[in-house]
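The values are calculated or read from the model by the stated rules, or taken from the named source; none is laboratory data. Bear in mind the structure is a predicted one, so any value in this text is a computation, not a measurement. Because the Cβ atoms are built from the backbone with ideal geometry, glycine has one as well, and the counts that use them run over all protein chains shown. We work out accessible area using only protein heavy atoms, side chains counted, and drop any ligands, DNA or RNA first. Shrake-Rupley method; radii C 1.70, N 1.55, O 1.52, S 1.80 Å.
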Amino acid sequence: MTSTRRFTCNDLFHFNGVNLDYFTETYNLPFYLQYLANWPEYCIAADGPGKEIMGYILGKSEGEGVKWHGHVTAVTVAPEYRRQRLAKKLMDDLEDITEKVHKAYFVDLFVRVSNASAIRMYNKFGYSIYRTVLGYYSGDENAYDMRKAMSRDKEGTSVIPLTRPIHPHELEHD
């Protein structure tokens with residue numbers, strides 16, 4: 001049986017098996033610790049039998065005014081646990097936190113344009129492509145900024161696609 005719980009500092013010593021995937025972005029230790037310190041409610045692990053980490057999600061809240069939103073920094077599930085709706089459960093948890101705790105307008109995430117399976121998955125979860133970010137991944141690969149409106153965005157204005165691609169330096173960091 002799968003259970004979800006807060007991701008902890010201790011998990012940093014046990015989650016390498018989940019990160020062994022070309023599409024999974026890995027970060028340095030201070031990066032993970034920053035998320036655990038600043039947005040602990042957005043750091044969730046999924047455990048399987050024997051307390052093995054099956055997957056996790058890291059996120060944060062950011063922005064101001066109508067740009068106040070939840071952001072999915074990383075969501076990944078170990079290959080042997082995929083196709084069990086675990087990513088959906090983790091995304092639902094992050095969306096609930098965004099909606100109920102932070103009362104934000106939308107959730108966004110970045111995904112490699114070459115990661116067709118993830119794009120299809122996010123589409124099934126209700127996300128749509130908002131814009132393309134040129135050279136987002138190490139300057140080598142473009143990303144899609146995908147978004148899903150939360151109930152606070154009654155008009156859905158946060159997900160109306162932009163008509164032109166942008167560069168990473170044009171991203172809002174407010």
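Rg to Rh for the stretch 4-88: what is it, with Cα atoms only and Rh by Kirkwood? Don't jump to the answer; show the numbers that get you there.
Details: Rg = 13.1 Å, Rh = 13.4 Å.
Ratio of gyration radius to Kirkwood radius for the stretch 4-88: 0.98.
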Check: Can you give the translational diffusion coefficient of the stretch 29-77 in µm²/s, computed by Stokes-Einstein from the Kirkwood radius over Cα pairs at 4 °C and 1.567 mPa s?
Finding: 109
Notebook entry, point to check: Residue separation times 0.36 nm, minus the C-alpha to C-alpha distance between residue 41 and residue 27: what's the value?
Noted result: 3.1 nm
Check: Can you give the direction-averaged projected area of the convex hull of the alpha-carbon atoms in the stretch 71-174, in nm²?
Finding: 7.2
Margin query: Among the listed pairs 103/154; 89/148; 67/88, which have their C-alpha atoms separated by more than 18 angstrom in this model?
Written below: 67/88
Checklist line | Top positive-direction residue, dipole computed over the stretch 98-174 with Cβ charges, set 161, 113, 149 | finding: 149
Note to self: Could you report the stretch 71-119's accessible area per residue, 1.4 Å probe, as an integer in Å²?
What the structure shows: 44
Checklist line | Cut-off under 5 Å, modelled amide H: who pairs with residue 73 long-range | finding: 58, 59, 60
Check: At a Förster radius of 35 Å, what calculated FRET efficiency corresponds to the Cβ-Cβ distance of residue 12 and residue 151, to the nearest 0.05?
Finding: 0.55
Check: Out of these labelled values of Cα extents along the principal axes in Å, [x] 55, 45, 29; [y] 122, 43, 23; [z] 48, 36, 31, which was calculated from the coordinates shown here?
Finding: [z]
Next item on the list: Take the solvent-accessible surface of the protein heavy atoms, probe 1.4 Å, and return the percent of it on the chain that carbon and sulfur atoms account for.
Entry: 53
Checklist line | For the chain, size of Cβ-based charge dipole, Lys and Arg +1, Asp and Glu -1, in debye | finding: 560
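Relative contact order of the chain: what whole-number percent is it, with Cα pairs under 8 angstrom and at least 6 residues apart?
17
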Next item on the list: Work out from phi, with θ = phi - 60° and the Karplus expression 6.51 cos²θ - 1.76 cosθ + 1.60, the ³J(HN,Hα) of each residue of the stretch 4-17, listed in order in whole Hz, and give x for Gly and Pro.
Entry: 10, 7, 5, 6, 10, 4, 4, 5, 4, 8, 10, 10, 4, x
Next item on the list: List, in order, the whole-Hz ³J(HN,Hα) value for each residue of the stretch 48-56 obtained from phi through the Karplus relation with A = 6.51, B = -1.76, C = 1.60 and θ = phi - 60°; use x for Gly and Pro.
Entry: x, x, x, 6, 6, 6, 8, x, 7
Check: Residues with amide H under 5 Å of residue 54's amide H, sequence separation 5 or more or different chain, H placed in the peptide plane at 1.01 Å from N; which?
Finding: 46, 47, 48
Item checked: Two-site label geometry, residue 142 and residue 125: point separation in nm, points 7 Å out along Cα→Cβ -> 2.2
Next item on the list: With a cut-off of at most 15 other beta carbons within 10 Å, and DSSP calling the residue loop, which trypsin sites (Lys or Arg not before Pro) in the stretch 23-96 qualify? Please list them.
Entry: 83, 85
Check: Rounded to two decimals, what is Rg over Rh for the stretch 59-128 when you use alpha-carbon atoms and the Kirkwood radius?
Finding: 0.98
